Each structure stands twice: as C-alpha cells, then as structure tokens.
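S.K.: Below: one structure in structure tokens.
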Amino acid sequence: VILNWNGTKLLQQFLPSIIQYSHNATIYVADNASTDDSIEVLRNDFPTIKIIENSKNFGFAQGYNEALQLLEEPYYALVNSDIEVTENWLNPIIELFEKEPSTAIIQPKILDYKKKSHFEYAGAAGGFIDQFGFPFCRGRIFETLEQDKGQYNGTTEIFWATGACLFIRKKVFRTLKGFDEDFFAHQEEIDLCWRTFNLGYQTKYTSKSVVYHLVEL
C-alpha cells in the first residue's frame, strides 16, 4: 500500500519497479485527496493498481489507518511513494512471517536511491532507541551515512522499523488499532513498533530484501 498526496511524478517514477517485482502481491495506492492529477494518471497509466480514495489529507498515520481498514490481506506492506524495489524483495519477507509467528513487523535493507552503495537516512538497517528515548538506526547516525559493506547482512531483531518501508501482520495492526493518529507524520512507526513489542511480538530486519529510498532532506 503506497500512500500518496500530490505525488504524480513519484508515482510515475517508482510504481514501475513495484509492479515489475510484486507479482505475488496486490498493489494499492491510498490517495490522501490529492489536488494534482494523481488519480487520473493512476487510472490511465497504471490500470492494474487498485485505488483507495481517502476523503481528505489525513497525513501518514490516519491516512494509512483509513486505507488499511478496508484490506483483508494477511500481511500489509507500507511503502513510501519514493521507494524503488528490487527483484525478489517480497519472498524473504513472506518466508520470515510464515516461519516465525512471533515476528509481527519486518523491515528490509534500505539503501540510498541516489548513492546506492550507501544506507539511507530514514531507517537504513533497522532502528533502536536509547535510554533517553532518542531513536537511531544502524547505517546512519545523525548526518553520517555508512557504506554498505555487508556489515548489516543477516536477519536480526530491531526495536523499530521505518515507515518508509514496513511490513506488518494484519491481525497485529488491527489489534493495535493501527497508528496513533496524534502522530500526523513522523515517529508514528516507532510508537507502533513499541506497542507491538509490548504485546510480546518481535520486529525484525532482514538484508535478504533490498529497496532504495529517494530521501530529500
């Protein structure tokens, strides 16, 4: 599910890779009442995409909550409109869910779209939180982005997964009543992962799935 608001250019740029490499998924665009030609472009250029039209711009948290209550697939993939996916990006995620019932959220390896040898800013190789409540992630500390040399290859438990590309079990998302809508945008995924942890589930990172994120700072 790709949340969109006035993102025609991003949809045109990044949807083709998702369509090409997601044959075993149903692809939705949840539109937050765009005022550009997003809906028209989707209908004309991407007829296989299913469109969910939210009644207004709800932001990230409520925008996804509104859209996901309509979907009954067992696993949700929340994907930013500026994410390019790679071949076989879905299978390792599905395998991990099916093998580990206690794993509720999974994040792939996320590299920088503009510099694909390096990790990106938003979630990199999985997030943690320190004793003061300050979030950080492997592969990026403050403004420093690490080169991907395989140092974070493998599958490991993390504390939070970035909302830029996050997979979650439907039943867990529904149990938690989705994102806390007090977070309009930013930090809502950390809160979601924290509440998932409190239910006794795990959040995992796996390098077997790789995507690229266009981060405009």
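The values are calculated or read from the model by the stated rules, or taken from the named source; none is laboratory data. In this text the structure is predicted, and so the values were computed from the model without any measurement. Note: ideal-geometry Cβ built from the backbone for every residue, glycine included; neighbour counts use all protein chains shown. Note: accessible area is taken over every heavy atom of the protein model, side chains too, but ligands, DNA and RNA are not part of it. Shrake-Rupley method; radii C 1.70, N 1.55, O 1.52, S 1.80 Å.
S.K.: Would you call Val215 open to solvent by less than 90 Å² (accessible area, probe 1.4 Å), farther than 18 Å from Ile129 by Cα and at pLDDT below 95?
M.R.: yes
S.K.: Hey, another quick one. Which count do you get for residues in the range 96-125 that are open to solvent by 40 Å² or more (accessible area, probe 1.4 Å) and either among the polar types (S, T, N, Q) or in contact with a Leu (Cβ under 6 Å, 6 or more places away or on another chain) (or both)?
M.R.: Residues that pass the stated criteria total 3.
S.K.: Check Tyr201 against each of (1) open to solvent by 50 Å² or more (accessible area, probe 1.4 Å); (2) closer than 28 Å to Leu11 by Cβ; (3) of a type in the set (Phe, Trp, Tyr) and name the one condition it does not meet.
M.R.: Looking at each condition in turn, Tyr201 falls short on (2).
S.K.: Need the failing condition index for Gly59 against (1) in contact with a strand residue (DSSP E or B) (Cβ under 8 Å, 6 or more places away or on another chain); (2) on the phi > 0 side of the Ramachandran plot, just the number.
M.R.: Single failed check for Gly59: (1).
S.K.: Limited to the range 51-84, what total is found for residues that are out of contact with any helix residue (DSSP H, G or I) (no Cβ under 9 Å at 6 or more places or on another chain) and exposed (fewer than 14 other Cβ atoms within 10 Å of the Cβ)?
M.R.: Selection size over the range 51-84: 2.
S.K.: Still on this structure, I have one more. Residue pairs, Cβ under 9 Å, 6 or more apart or interchain, first in the range 61-73 and modelled with pLDDT of 95 or more, second surrounded by fewer than 15 Cβ atoms within 10 Å (Cβ to Cβ) and in a helix (DSSP H, G or I). List them.
M.R.: Once the first residue is modelled with pLDDT of 95 or more and sits in the range 61-73, its partners that are surrounded by fewer than 15 Cβ atoms within 10 Å (Cβ to Cβ) and in a helix (DSSP H, G or I) give Leu68/Lys170; Leu68/Arg174; Gln69/Arg174; Leu71/Lys170; Glu72/Lys170; Glu73/Lys170.
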